[in-house]
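Coordinate-derived values only; no laboratory data. Please read all numbers here as calculations on a predicted model, not as lab measurements. All Cβ positions, even for glycine, are placed from backbone atoms using ideal geometry, and neighbour counts span all protein chains on display.
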Amino acid sequence: MQQQIKSADRFLMRNINQSVLLNLIRVHAPISRPQLATMSGLSQVTVIKITNNLIERHLVLENEYAESTGGRRAGLLEIHPEGGFAVGLIPQPTSLTGVILNLNSELVCSQQWDITFRDNSLHAIDLFAQCVEELFSKSGIAREKIIGVGLGMGGLIDAERGCCIDSWMMNWQNVEISRPLEELLGIPVFLDNDVNCLAIYEKLFGQGQPYQHFLVVAIGRGVGLGIVVNGDLYRGAFGGAGEFGHTAVTTGGRLCACGNHGCLESYISESGIVKNYLEYVYATTYSLEKGIQEPSIFEVVERARNGDEAAIAAFQRAGILLGVSLANLVNIFNPECVELSGPNTTASILTGGLLLEPMHEAFKQHLFSHIGKDLHFIVERSGFESWARGAGSLVLRRFFASPAHVNSERTLVGS
C-alpha cells in the first residue's frame with residue numbers, strides 16, 4: 001500500500017511539473033530549457049526529461065536556437081499548434097455554431113447550422129453529434145488528434161456533471177449533455193455556461209491574460225457574468241455563480257423571463273431596452289394609440305442615433321442601471337479589469353455612447369472610496385464564432401490545467 005501511495009505521488013508530481021512547463025512555454029514562447037528551469041524552479045535534468053517527452057509526443061516544437069555564451073546553443077521551445085485540436089460548440093435557440101481550434105486557440109475550421117434547439121432537448125444530443133462529425137469531415141483532421149469537445153450555453157449549468165439545470169432561452173430543464181454526447185463521439189465532452197467559456201478564453205488567450213482578477217460581463221439577448229479570481233474561473237459552491245442578469249434592481253418591477261420581477265436583465269438586455277422604449281412612448285404619448293408595433297433593437301438603436309427622445313431615454317435608463325450594478329460588482333470583487341462583451345453588429349448596444357456614457361457616469365458615482373482607481377475597462381464586440389472559440393477554450397483549459405489546481409475536473413495531458 002505504501003509503495004502504491006509513493007507511486008501515485010510521483011505520478012502526480014510528474015504531471016504537475018509537466019503542466020507548469022507547458023504553461024510557461026505557452027505564455028513565454030519561444031523559450032529555452034535554461035529559462036524554463038530558472039522560471040519553474042525545476043532542475044535542468046527534470047526540464048530536459050519532460051520537454052523531450054513533450055517533443056516526442058508532438059505537443060512541443062523545438063525550433064531555432066538562442067545565442068549561447070559558450071558550449072551547446074540552447075534550443076527554443078514553443079507549443080506545437082497541431083499537437084492537438086479542440087472543438088467548440090455554441091447552441092442558440094435556432095442555430096448552432098461550431099469551431100475547431102489548435103492548441104494556440106487559433107481558428108482552424110468553423111461552420112454554422114440553422115437548427116431549432118428551443119423546446120428540442122430530446123433530439124439535441126444526436127444533433128450535436130451529427131454536427132461535430134460534419135466538422136471533422138470538413139476539416140480533414142484525424143479523429144485521434146481531437147482532445148475534446150467544449151459546449152457553452154446560457155443558463156444555469158452544472159459543469160461538474162455536464163448537465164443543463166435550467167435554460168430559459170432554450171426552455172431546457174435538467175438535460176444531461178456531457179455523458180451521452182461523449183458516449184456517441186468517443187471523445188471527452190465538457191459543458192459550461194457560455195459566459196464562463198468566454199472568460200476562460202480571455203484568461204488563456206485574450207485580453208484577460210495580464211490579470212489575475214477580472215470580470216467578463218456579456219450583454220445582448222441576455223446578461224451574464226464570468227468571474228476570474230486568483231487566475232482561475234470561479235463558479236461558486238454549486239456552479240451557479242455569475243447570474244448577474246438576475247440580480248434585482250427594483251422590487252416588484254418588470255416580469256423577467258426567469259419568472260422573477262425586477263431583474264437587471266429585463267431592463268438592460270436587448271429586449272429590456274425595447275421595453276424601456278415602449279414604456280417611455282406610452283408614458284409621454286397623449287393620443288395613446290392602441291397596437292403600437294414593437295420595434296426591434298436595431299430600430300431602437302437607429303432611432304436613438306437619429307435623436308429620437310424615447311429611444312435615447314431607453315438607453316439612458318439601461319445605462320444607469322448597468323452602471324450602478326457594475327459598481328456593486330466592483331465594490332464586492334475589487335477586480336483589476338472589467339470586460340463588457342456584446343454582439344458584433346452594426347447596431348450593437350455597446351456601439352458609441354448611447355449605453356456607455358450614462359453607464360460610466362452612474363458607475364463612477366456609486367464606487368466605494370478609491371476601489372476603482374486603477375480599474376481597466378474593456379469593451380469587446382463578439383460574434384457567435386468568438387463565443388464558440390470560448391467553448392473550445394473550455395477544452396484547452398483542461399489540457400493546460402495543473403492536477404493540483406483543477407480539483408475534481410479531468411485533465412487531458414497524460415504523462
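With +1 on each Lys and Arg Cβ and -1 on each Asp and Glu Cβ, how big is the dipole of the chain about its Cα centre, in debye rounded to the nearest 20? Walk me through the numbers on the way to the answer.
Numbers: 31 positive and 42 negative charges, 249 e Å.
In total the dipole reaches around 1200 debye.
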Which one of N23, Q92, H261 is farthest out on the positive end of the charge dipole of the chain, using unit charges on Cβ (Lys, Arg +1; Asp, Glu -1) and the Cα centre as origin? N23
Fewest-first ranking of R254, R397, R10, using other Cβ atoms within 10 Å as the exposure measure: R10, R254, R397
Which listed residue (G208, L76, G222) has the Cα farthest towards the positive end of the charge dipole for the chain, taking +1 on Lys and Arg C-beta and -1 on Asp and Glu C-beta about the Cα centre? L76
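How much FRET efficiency would the formula 1/(1 + (r/R0)^6) give for R118 and S40, where r is the Cβ-Cβ distance and R0 is 51 Å, rounded to 0.05?
That gives a FRET efficiency of 0.60.
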Residue by residue through the range 370-385, the couplings from Karplus 6.51 cos²θ - 1.76 cosθ + 1.60 with θ = phi - 60°, in Hz, x for Gly and Pro, are 9, 5, x, 4, 9, 6, 9, 10, 10, 10, 10, 10, 10, x, 4, 5
Gaussian network model of the chain, Cα springs within a sub-10 Å range: biggest mean-square fluctuation belongs to which of I115, I320, I292? I292
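Where nothing but the Cβ of Lys and Arg (+1) and of Asp and Glu (-1) is charged, how large is the charge dipole of the range 207-382 around its Cα centre, in debye to the nearest 20? Could the numbers behind the result be given before it?
Details: 11 positive and 17 negative charges, 41 e Å.
For this selection, approximately 200 debye.
Which order, highest average first, do 212-223, 367-378, 300-311 follow once you tally other Cβ atoms within 10 Å for each residue and take the mean per peptide? Could you put the intermediate results ahead of the total?
Values: 212-223: 22.8, 367-378: 12.4, 300-311: 17.6.
Descending packing order for the listed peptides: 212-223, 300-311, 367-378.
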Nearest 10 degrees, 0 to 90: helix 356-366 Cα axis against the chain principal axis: 80 degrees
List the aspartates and glutamates whose Cα sits under 19 Å from the Cα of K364, skipping any in the same chain fewer than 8 residues away. E336, E339, D374
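For N52 and L107, calculate 0.36 nm times their separation in residues minus their Cα-Cα distance, and state this gained length in nm to one decimal.
Numbers: separation 55, 0.36 × 55 = 19.80 nm, distance 2.73 nm.
Extra length from N52 to L107 when fully extended: 17.1 nm.
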Mean Cα-pair separation over length for the chain, i.e. relative contact order, pairs under 8 Å, 6 or more apart, %: 16 percent
Under 20 Å from a point placed 7 Å out from the Cα of E134 along the Cα-to-Cβ direction: which residues of the range 384-398 have their backbone N that close? 384-392
Of (i) 20.9; (ii) 25.6; (iii) 23.2, which is the value of Kirkwood radius over Cα pairs in Å derived from the coordinates here? (iii)
Quick one: net charge of G186's neighbours, Cβ under 14 Å, K/R +1, D/E -1? -1
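Local charge sum around G323 (other residues, Cβ-Cβ under 13 Å, Lys/Arg +1, Asp/Glu -1)? Please list the in-between numbers first.
Values: positive: R317, K364; negative: E357, E361.
Result for the local shell: 0.
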Calculated [θ] (222 nm, deg cm²/dmol) that DSSP helices of n ≥ 4 give over the chain, each run adding -39,500 (n - 2.57): -13000 deg cm²/dmol
Based on the Cβ-Cβ distance of E144 and F238, what FRET efficiency does E = 1/(1 + (r/R0)^6) give at R0 = 25 Å, to the nearest 0.05? 0.10
